[in-house]
Amino acid sequence: MTYLFANFDRSVLLFFNQFADRSATLDNMAAMFADTYILSGILLMGMVAYCWFRRLGPEYVLERQYMLQGVLGALLAGAVSRGMQLVCKFHPRPLHDPSLHFHAPIGLDPSTLNHWSSFPSDHAAVFFALALVITLHSRRLGIVAWIWAATALVPRIYLGFHWPSDILGGALVGIACVVASRELIPRKLMALLTDYEQRSPAVFYCCAFVLCYQLGTLFQDVRLIMHMLRYNSLA
């Protein structure tokens with residue numbers, strides 16, 4: 001981080017941290033919002049589904065193709081942000097930064113996420129990518145999506161999981177991936193998908209449901225399975 005961002009990060013972190021470790025109710029609510037995807041990613045995916053189904057008919061096929069490009073961009077945002085966490089210089093989370101003198105919220109495990117770099121936030125990348133997809137197809141709902149995405153990420157700062165610059169960096173990754181996907185993913189590929197949706201809607205929506213659920217939860221189940229397989233293979 002630059003000195004400017006370091007000061008910004010510390011100022012925002014310390015502002016939120018002054019309320020931590022004082023009220024079990026407040027700390028538990030922050031943990032609930034941070035760990036409950038129905039209050040964040042799943043709700044955003046529900047907004048995407050609304051945009052998909054609100055206009056039916058062959059005259060809206062092109063709009064759906066654009067939406068598919070955007071959703072693929074959100075998938076890419078999750079992969080890119082996680083890849084950056086792995087290959088970029090390790091960035092300790094506020095919770096584990098001894099210079100910050102962070103007051104851990106009540107009930108929070110001090111070892112949480114201590115092996116993962118914090119920059120950029122993959123939650124922010126996916127959430128803001130989805131917010132942009134929604135905005136491109138419904139401006140009014142998009143305003144709600146942006147506000148909700150930002151609100152859902154505040155608890156992750158409060159809990160010390162991320163610096164504010166992690167959230168901003170993740171947001172830029174998410175927005176860039178959606179813009180790039182709309183420009184670079186061939187429209188012919190999207191046409192194949194929309195054609196298949198018309199020919200085999202049962203299979204298409206079965207696969208779409210599973211994929212959208214996983215995207216809304218940042219593939220939490222998949223990551224848990226991979227972690228268990230890796231742990232068992234090393235045991």
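The values are calculated or read from the model by the stated rules, or taken from the named source; none is laboratory data. The structure presented is a predicted model; accordingly, all values stated were derived computationally and were not measured. For neighbour counting, all protein chains shown are included, and Cβ atoms are generated from backbone atoms with ideal geometry for every residue, glycine included.
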The residue from Ser111, Ser99, Ser117 that alone is surrounded by fewer than 19 Cβ atoms within 10 Å (Cβ to Cβ) and part of a helix (DSSP H, G or I) is Ser99
List every residue pair whose Cβ atoms sit under 6 Å apart, with the two residues 6 or more apart in sequence or on different chains, where the first one lies in the range 115-133 and is closer than 17 Å to Trp163 by Cα and at pLDDT below 95 and the second, anywhere, is of a type in the set (Phe, Trp, Tyr) and crowded, with 24+ Cβ neighbours inside 10 Å.
none
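I'd like to verify a number: residues in the range 53-90 that are touching a residue at least 40 places away in the same chain (Cβ under 8 Å) and either acidic (Asp, Glu) or not in a loop (DSSP other than H, G, I, E, B) (or both), how many?
Number of matching residues: 21.
Going through Met67, Met47 one at a time, which residue ends up being under 19 Å from Thr194 (Cα atoms), surrounded by 15 or more Cβ atoms within 10 Å (Cβ to Cβ) and out of contact with any Pro (no Cβ under 6 Å at 6 or more places or on another chain)?
Being under 19 Å from Thr194 (Cα atoms), surrounded by 15 or more Cβ atoms within 10 Å (Cβ to Cβ) and out of contact with any Pro (no Cβ under 6 Å at 6 or more places or on another chain) holds for just one of Met67, Met47, which is Met67.
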Taking interchain pairs and intrachain pairs at least six residues apart, which have beta carbon atoms under 9 angstrom, with the first residue in the range 198-214 and over 19 Å from Leu44 (Cβ atoms) and the second modelled with pLDDT under 95 and surrounded by fewer than 12 Cβ atoms within 10 Å (Cβ to Cβ)?
Gln198/Pro58; Phe204/Gln198
Applying the selection to the range 89-101, what residues are in contact with a helix residue (DSSP H, G or I) (Cβ under 7 Å, 6 or more places away or on another chain) and at pLDDT 90 or above?
Pro94
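Condition check ((1) among the hydrophobic types (A, V, I, L, M, F, W, C); (2) more than 14 Å from the chain's Cα centre (by Cα); (3) modelled with pLDDT under 95) across all residues:
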| residue | (1), (2), (3) |
| --- | --- |
| Arg54 | no, yes, yes |
| Pro58 | no, yes, yes |
| Glu63 | no, yes, yes |
| Gly73 | no, no, no |
| Arg82 | no, no, yes |
| Val87 | yes, yes, yes |
Can you find even one residue in the range 177-199 that is buried (at least 24 other Cβ atoms within 10 Å of the Cβ) and either among the hydrophobic types (A, V, I, L, M, F, W, C) or at pLDDT 95 or above (or both)?
yes
Identify the single condition in (1) over 16 Å from the mean Cα position of the chain (by Cα); (2) closer than 23 Å to Phe19 by Cβ that His91 does not satisfy, given that it satisfies every other one.
(2)
Within the set of pairs 6+ apart or on separate chains, which have a first residue in the range 9-34 that is under 16 Å from Pro164 (Cβ atoms) and at pLDDT 90 or above, a second that is aliphatic (A, V, I, L, M) and not in a helix (DSSP H, G or I), and C-beta atoms under 6 Å apart?
Ala30/Leu159
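Select from the range 94-127 the residues that are among the aromatic types (Phe, Trp, Tyr) and over 14 Å from Phe16 (Cβ atoms) and write down the one among them that is farthest from the chain's Cα centre (by Cα).
Of all residues in the range 94-127, those among the aromatic types (Phe, Trp, Tyr) come to 102, 116, 119, 127.
Going one step further and asking which of them are over 14 Å from Phe16 (Cβ atoms), we end up with 116, 119, 127.
On the way: Trp116: 16, Phe119: 13, Phe127: 4 Å.
So, considering only residues that are among the aromatic types (Phe, Trp, Tyr) and over 14 Å from Phe16 (Cβ atoms), the one farthest from the chain's Cα centre (by Cα) is Trp116.
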